[in-house]
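Inspection log for the structure reproduced underneath, given as structure tokens.
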């Protein structure tokens with residue numbers, strides 16, 4: 001059967017001050033009325049019932065996620081004891097899914113993407129499921145055709161075409177990490193590279209075997225946890241064994257080395273919503289090129305991104321290309337070109353004893 005695993009443990013530091021430790025980006029409504037996590041679950045439609053949906057997150061977010069997803073069984077919200085990157089997250093989820101269903105196929109996805117067409121998304125997942133049923137050793141990923149020379153995404157290079165009813169599928173030639181500007185332009189010009197969506201499909205047994213082969217130490221800890229599922233000491237074992245894992249991304253641990261990866265060209269509109277500038281792609285700018293979510297009065301203001309809290313109006317005069325984000329207890333003002341430096345806010349606040357703003 002098909003199971004869905006949603007990775008929702010990120011901290012969303014680039015979306016401060018709206019994103020906080022106990023309410024990170026995936027729990028915010030940045031596009032529409034539903035939060036990003038709720039929209040991710042909604043996107044599954046009838047493809048995967050709630051009983052086969054799993055959220056893997058930071059243990060401090062379990063209660064907040066349960067509140068946002070009341071239809072989800074409590075045991076399906078898995079709290080990691082500590083942050084260990086995506087490979088341990090995937091390994092833990094695969095062990096839990098495999099315990100329930102030895103023949104399970106898993107679709108694994110981040111919780112903070114915007115995908116405009118639920119129908120196209122579901123069709124792509126169904127096509128990937130068919131490819132895995134043809135060859136159970138396959139791993140399927142989804143590539144986004146690039147529209148510009150992005151330096152902030154990883155890339156997947158396609159190889160030979162693979163017969164796949166309902167989707168354009170190719171053998172993966174290679175994975176590439178985030179490139180510099182010149183390399184990104186070369187990838188765009190080549191026409192054979194996709195943005196790496198971070199959405200994967202595989203049998204639970206396949207990914208566990210791949211981790212066992214490529215990351216034996218990590219797998220040993222996952223196996224120790226799996227052995228105690230359903231036992232009285234499971235929580236204690238999870239806490240101890242998971243903390244002992246050396247963190248690594250699933251791309252490094254498996255995807256870049258696995259010999260049988262297929263990429264499906266995604267037909268759905270996609271955005272990874274990585275920073276405040278993503279709002280310009282999600283909301284139509286006004287006549288002056290300002291992207292406004294909330295209440296804003298601009299006088300001689302062009303190209304700004306303004307996000308305000310309900311009941312609060314921001315006024316800007318004679319400014320260009322700023323990010324202005326207002327919340328009840330903090331306000332961010334930064335030039336758009338420096339948006340990556342929002343990551344530095346957490347360290348600066350801690351140094352000044354302002355941990356309460358994190």
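The values are calculated or read from the model by the stated rules, or taken from the named source; none is laboratory data. Predicted, not measured: the structure shown is a model, and the values here were computed from it. Heads up, the Cβs are rebuilt from the backbone with ideal geometry, glycines too, and the neighbour counts pull from every protein chain shown.
Checking the conditions here, which among 190, 184, 169 is within 23 Å of the chain's Cα centre (by Cα), modelled with pLDDT of 95 or more and over 22 Å from residue 121 (Cα atoms)?
From the options 190, 184, 169, the qualifying one is 184.
Find the residue count for the stretch 46-65, including only residues that are farther than 17 Å from residue 81 by Cα and touching a helix residue (DSSP H, G or I) at 6+ places or on another chain (Cβ under 7 Å).
So the count comes out to 2.
Could you please give the count of residues in the stretch 84-118 that are modelled with pLDDT of 95 or more, loosely packed, with under 15 Cβ neighbours inside 10 Å and within 18 Å of the chain's Cα centre (by Cα)?
Number satisfying all stated conditions: 0.
For the subset of the stretch 303-355 comprising residues that are in a helix (DSSP H, G or I) and touching a residue at least 12 places away in the same chain (Cβ under 8 Å), which member is farthest from residue 22 (Cα to Cα)?
337
All but one of (1) in contact with a strand residue (DSSP E or B) (Cβ under 9 Å, 6 or more places away or on another chain); (2) surrounded by fewer than 19 Cβ atoms within 10 Å (Cβ to Cβ) hold for residue 24, so report the exception by its number.
(2)
From 298, 311, grab the single residue that is assigned by TED's automatic domain parsing to the domain that holds residue 344, modelled with pLDDT under 95 and out of contact with any helix residue (DSSP H, G or I) (no Cβ under 9 Å at 6 or more places or on another chain).
On the way: 298 fails: modelled with pLDDT under 95.
Of the residues listed, the single one that is assigned by TED's automatic domain parsing to the domain that holds residue 344, modelled with pLDDT under 95 and out of contact with any helix residue (DSSP H, G or I) (no Cβ under 9 Å at 6 or more places or on another chain) is 311.
Which of (1) touching a helix residue (DSSP H, G or I) at 6+ places or on another chain (Cβ under 9 Å); (2) under 25 Å from residue 66 (Cα atoms); (3) surrounded by fewer than 17 Cβ atoms within 10 Å (Cβ to Cβ) does residue 166 not meet, given it meets every other one?
Here residue 166 clears every test but (2).
So, of the residues in the stretch 2-18 that are surrounded by fewer than 23 Cβ atoms within 10 Å (Cβ to Cβ) and not in a strand (DSSP E or B), which turns out to be nearest to the chain's Cα centre (by Cα)?
My answer is 10.
Do the conditions hold for residue 72, that is, is it part of a loop (DSSP other than H, G, I, E, B), over 16 Å from the mean Cα position of the chain (by Cα) and either exposed (fewer than 14 other Cβ atoms within 10 Å of the Cβ) or free of Cβ contacts under 8 Å to residues at least 40 places away in the same chain (or both)?
For residue 72, the condition - part of a loop (DSSP other than H, G, I, E, B), over 16 Å from the mean Cα position of the chain (by Cα) and either exposed (fewer than 14 other Cβ atoms within 10 Å of the Cβ) or free of Cβ contacts under 8 Å to residues at least 40 places away in the same chain (or both) - is met.
Select, from 116, 87, the only residue that is under 30 Å from residue 180 (Cα atoms), in contact (Cβ under 8 Å) with a residue 60 or more places away in the chain and out of contact with any strand residue (DSSP E or B) (no Cβ under 9 Å at 6 or more places or on another chain).
So the residue among 116, 87 that is under 30 Å from residue 180 (Cα atoms), in contact (Cβ under 8 Å) with a residue 60 or more places away in the chain and out of contact with any strand residue (DSSP E or B) (no Cβ under 9 Å at 6 or more places or on another chain) is 87.
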